[in-house]
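Okay, so here's the structure we're looking at.
Please treat every number below as a calculation from the coordinates, not as lab data. Predicted model only: the values in this text are computed from it and were never measured. Here the Cβ positions follow ideal geometry from the backbone for every residue, glycine too, while neighbour counts run over all protein chains shown.
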Amino acid sequence: MDPEVVSLTQGAGATLVALMATDAWQATREGISRLWRRVQPGRADILVAELEADREEVLAARTADDQETLSELRAQWQGRFRRLLAAHPDLAVELRELFDELAPLGGEAVPVITQRATASGQARVYQAGRDQHITER
């Protein structure tokens with residue numbers, strides 16, 4: 001899959017889960033349901049029910065500081081967005097615009113880092129998303 005689509009779906013999943021626990025939830029739910037109603041109208045009501053159920057899980061997980069559940073929910077929504085874009089690639093721009101509009105309302109989105117490296121011969125590649133200390137002799 002296109003790295004930009006992967007980045008978009010990761011960011012969308014993380015931002016959605018973050019927004020589920022904010023005052024921006026209503027606007028978030030409406031934006032997501034509007035998008036789904038347009039492209040998958042038969043599934044939209046089920047999706048809205050899933051959004052509401054997942055919101056309850058997010059609220060409980062945040063209260064309990066359950067990072068594993070939050071991570072699982074991010075991954076689930078990332079998968080839903082990935083499948084949506086696989087079926088409707090033309091929605092990528094609209095999905096990005098929706099989350100660009102919603103994120104400032106309270107999303108504490110997890111930044112998505114994409115790293116690529118190529119090594120050949122005797123070369124080595126070291127990559128890190130944060131601090132990295134390498135000691136070689």
Dmax and Rg, reported as Rg then Dmax, of the chain (C-alpha, Å)
17.6, 62
Top of Trp36, Trp77, Trp25 by mean-square fluctuation, Gaussian network on the chain, Cα under 10 Å
Trp36
Between Gln122 and Glu52, how many nm apart are label points set 7 Å from Cα along the C-beta direction?
6.6
At what distance in nm do the modelled label points of Glu68 and Arg96 sit from each other, each positioned 7 Å from its Cα along Cα→Cβ?
3.6
